[in-house]
Structures are given as C-alpha cells and as structure tokens.
Amino acid sequence: MIAPSSSADQPLPQPGLNPLSAAPADSDLDRRKKLALAVVLFSMAALVIVAVTGALITGAGRLSFGRLIALLVAAAVYVAWSLHGTRQAVQFALRHHQATAGPAWPPEPHIRSALYLCLQFAIAELIVWLAGPAGILGLLWLVFLPPIGQSIMRLRWPGIAAVSLLSIAMHTLNVAWWHGTPALTQALPGFSIAVLFTLGLTHIAVSAERARGEVERLAGELSDANTKLREYALQVEELAATRERNRVAREIHDGLGHCLTVVHVQLEAARTTFELNPARAIEALGKAQALTHAGLQEIRRSVAALRVSPLHNRPLAEAIGQLAAESRAAGLETEIQVLGQARAVSPQVELTLYRAVQEGLTNCRKHSQSNHARLQLDYQNPAAVRMTLSDDGVGASNTTDGFGLLGLRERALLLGGRLSIQTAPGQGFTLELEVPA
C-alpha cells in the first residue's frame, strides 16, 4: 500500500488561495500515490467479491434464501472491516486535495492488532461456513489472504508467521471437514503458494512504503534543520554586527576621545597663560591644533577602514611613549617602567594594552587632579602581560565604569584577560590589566 505523502511532498500554496477554505491542490506525485492506493483498496474488495461470487455460482441451488442473504451480509461486513483496518489509507485516497495526514497504517498496539485480525479471521470463517462445501474448493479460500497482508503492516515477524500459519491451519481444517483428508493433497499446496506470494508481495510494498516514509521524515528533519541554521545564521550575523558596533564605539571613544581631551587641556592652558605668557599660549594652541589634526585623521581612517589600528607600522613601546609624552606636555608627569624582557605579542593584545594606557592617562588628566602617574608593563610572566597605571590623585569612592572602562573590560574579556580597579578617596587611582600573551 502507499502511504499519504508528508508535508515535504506538499506543493506550495497557489496565489490567491484561501487556506481556510481549501487545501493546496495535489501534486502529480500525490495523484499517482492516490491512484495506486485506490487500486490496492479496490483490489482487496474485489478479491472478496470474486470469492463470494464464485461460491454463489458453484453452490447455486444448494443454499437456502436465508443462508444466501447471510453470506452476502457477511461478505459486506468483511469488506467494511478490512477497509476499517486501512481507514487512514482510505481517507487519503478519497481526498481531492492534499492535507496533513498520517501514514497509511499508523502504529497500533499489538494486542489491538491481534484482536482486529482475529475478528477478521472469524468473519472469513463465517463466510466459508455459510458457503458450504462447494465454496472452499472454489475461490473462497481467497478470504484468508487479506489478513496475511494486513499482518505485515501491523505486526512483527513472529506475529506475521503466526497469522500465516493460522490461515493455513484454518484452510486445512475447512478442507478436511468438508471433503476429508484426501482433498488436502490438491488444496493445500496451492494455498501455501498463495500465502507465500502474498507475504512476498506485501512485504516488498510495505518495505518500499516505510523507506519512503523514512526518507520523507528525514527530509522534514533536514528542512527543520535548515530553517534553524538560517535562524542561527541571522543571529550570528546580528551578534557580529553588534560586536562590530561595540568595537567601533570603543575605537571612537579611545581614539577621538583621547585627542579631544588633550585638545581641551591645551586650550585651557592657552586661555590661562595668554596674558602672562603669550609664547607659551601660542605653543599650547599649536599643540591643540596638531592634536585636532590628528583627531581628524583618526576619524578619516575609521571611516575609510574601521580596522585601522593606531599601532599600524609602529611598535607598542613607541606608541606608549608618545602617549606618555602627550601627558607630560599636558602637565602630568608620566613615568614608564618595564619589568622583564619585552617580547612580541599578538596585534589584539598590543592594541588592548595601548587602549588601556590611553584610557588610563586620559582619566588621570580629566579626573584625578594628580601631578604624577606611573605606568608599569610587566613581562615577567611568560603566559601573560600585566599593565599597571597608578596616580597620586584624589581617588574616588564610586568605581562605576564609564564607557571607556567598560570598553576596556570588553576588550579584556574577549582576550580571556581581566581588568581591575583600586581606588579610594585621597588614595589615588590604580588601573590594572592582565591579558594572556
């Protein structure tokens, strides 16, 4: 038998079709399946009709009117009961449009299947008994074959073997009862061959159908997996975009923010000393102008290539030395100390150390009111590099991270490092960053 197609075989809805009023039209494959299934169901019903018709022809004149009516009723009940056992397949074959449906033979408990087949055998035996001795040697033995085919759909091989042996046993007893044991040599071999033929043909059909159902199930799982992969891809894309936005925000804050802070300090120095020391004021304005120009270049580089690094073609020591020089020019005496032998580290680690120094010195100038800052780079641990920046300023009681410190924490976490802050009112401010290297 052919099972109804799964959702993997369903065609796409036609434009303008109301899904609440009609299901999508059948595909060519669905129509072929339904045609084959209708042929199988019609053949099963025709098998019983032919068998009963043959019994009526051979037993014409020997059956009473009441027995004849009972035989016809029993045959109709047998056909109805057989169709009831394959009702899922019947419903699928009768649909004009594709709709969600289960397999042609849904899995059922073995006890229920055994009871169903026992009742089917009982109706078949009633048909044979009503037909009398003439029917069993004609075509009436065909009524014992449908239960064998349905047992393959419902039971495992021990149950299938039991149903097949029961069919042979019932046919043997009927022949021996009505015609004696000598008639068995003529009737039993042909019936046994019919049983084997039914077993083989039904097994091939059922195996093919179950294989097709497994393919459809796997296709459905693959479709679900593809849908989830698309969702995950969108999430990854969104996450990557979010990380890139955060990175750009850090770069703008750490680069442009640093430049603007120094410009502000230089302009404030120029305003303060303009009347008393015009030469120094002009020098401060020149530095502010140079830093403004550097800030503009930083913005242009960020716009042109978001991945441009301030360490491009420049060693870390030189870049940090320039930051220290800028701080000294702004009035903050900055001392640099290197512990251990400086070594090459990854570009990501270098940039993180540079941004930490830049952010720390910027905070010192803006908030600490200190005169001296000490910067220490520690290479003594072969697995990590530690940067410590401390000042002798006013300190703070609130250690809540600003955006710059938040960006540094994100950089440290991305590298598997850590950022710590130590401060208290009147005890200065210490920033410590340790990253694997």
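The numbers here are math on the coordinates, done by the rules we state, and not lab data. In this text the structure is predicted, and so the values were computed from the model without any measurement. A quick note on method: Cβ atoms are made from the backbone with ideal geometry, for glycine too, and the neighbour counts reach across all protein chains shown.
Numbers below:
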| read-out | value |
| --- | --- |
| Segment L239-R418, extension gain: residue separation times 0.36 nm, minus the distance between their alpha carbons | 62.2 nm |
| Sites L68 and H110, calculated FRET efficiency, Cβ-Cβ separation with R0 45 Å, nearest 0.05 | 0.75 |
| Added length on full extension, which subtracts the Cα-Cα distance from 0.36 nm per residue, T185 to K228 | 9.0 nm |
| Average Cα contact separation per residue, the range 315-437, under 8 Å, 6 or more apart, as relative contact order % | 26 percent |
| Karplus 3J(HN,Hα) series, Hz, for the range 119-128 with 6.51 cos²θ - 1.76 cosθ + 1.60 (x for Gly, Pro) | 5, 5, 4, 5, 5, 4, 5, 5, 4, 4 |
| Gain upon complete extension [A162, A219; 0.36 nm per residue less C-alpha separation] | 17.0 nm |
| Distance between modelled label sites at Q348 and H84, nm, 7 Å Cα→Cβ extension | 6.9 nm |
